[in-house]
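These notes concern the structure reproduced below.
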Amino acid sequence: MNQRLTLDLPNRVEIVRLLRKLAHETSKAILMSTHELDLALKACDQVWLMDMETHIKSGTPEDLVLNGTFEKVFQRDSFEFDRETGSFKIHQNRNKKITLSGEKIPKYWTTRALEREGYIVEQVAKNGQIEAREMEGIICWKAGDSNKFTSIKELIAYLRDNQE
């Protein structure tokens, strides 16, 4: 009987954490095959990547990111590996430009949403076309002088309705 065990994200993270702890405490190597690249980047001491020609590239996750190996191995027309964020960006037909300013975390997630909507996001220090700020524990977005939003969903709906 062929049974398949599927773990949800918290349990996958816990298993990887326990394997890392076991490897370090026992000075043993643990070989794990995974498609969970985000977890591998965060938890593994050594990563082996196979490129399209089945050549193996190995090193610490950080070295493989910094030397461009991740970008080369995962180079496709439809997506790319972003070495700045350590994640993959899906290629969209981006033909609209928008400037964004704000605080680090709201700006990061707003950038992701705007890029998904097809915008080329230009980051500016102050006075962007869109501003993302946390005020009194609530994240707010401001577009222009009078339009304020309490969610990215509202901001995106406004932008969709007011496209030039």
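The values are calculated or read from the model by the stated rules, or taken from the named source; none is laboratory data. Owing to the predicted nature of the structure, the values given are computational and were not obtained by experimental measurement. Glycine gets a Cβ as well: all are built from the backbone with ideal geometry, and neighbour counts include every protein chain shown. For the accessible areas, the whole protein counts, side chains as well, though only heavy atoms, and no ligand, DNA or RNA atoms are used. Shrake-Rupley method; radii C 1.70, N 1.55, O 1.52, S 1.80 Å.
A compact table of results
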| quantity | calculated |
| --- | --- |
| Of all residues in segment 58-108 being under 18 Å from the mean Cα position of the chain (by Cα) and hydroxyl-bearing (Ser, Thr, Tyr), the one that is least open to solvent (accessible area, probe 1.4 Å) | 69 |
| Residue 54 hydroxyl-bearing (Ser, Thr, Tyr), surrounded by 13 or more Cβ atoms within 10 Å (Cβ to Cβ) and over 24 Å from residue 107 (Cα atoms) | no |
| All positions within segment 139-164 that are within 23 Å of the chain's Cα centre (by Cα) and assigned to a strand (DSSP E or B) | 139, 140, 141 |
| Residue selected from segment 109-138 under the condition open to solvent by 90 Å² or more (accessible area, probe 1.4 Å) and assigned to a helix (DSSP H, G or I), by the criterion nearest to residue 163 (Cα to Cα) | 116 |
| Restricting segment 1-57 to residues that are part of a loop (DSSP other than H, G, I, E, B) and of a type in the set (S, T, N, Q), the residue that is nearest to the chain's Cα centre (by Cα) | 34 |
| Residue under evaluation residue 37, criteria (1) of a type in the set (A, V, I, L, M); (2) open to solvent by less than 100 Å² (accessible area, probe 1.4 Å); (3) closer than 30 Å to residue 155 by Cα, criterion not met | (3) |
| Near pairs, Cβ below 7 angstrom, 6+ apart or cross-chain, from segment 141-160 (without any contact (Cβ under 8 Å) to a residue 60 or more places away in the chain and small (Gly, Ala, Ser)) to any residue that is open to solvent by less than 80 Å² (accessible area, probe 1.4 Å) and in a strand (DSSP E or B) | 143/130 |
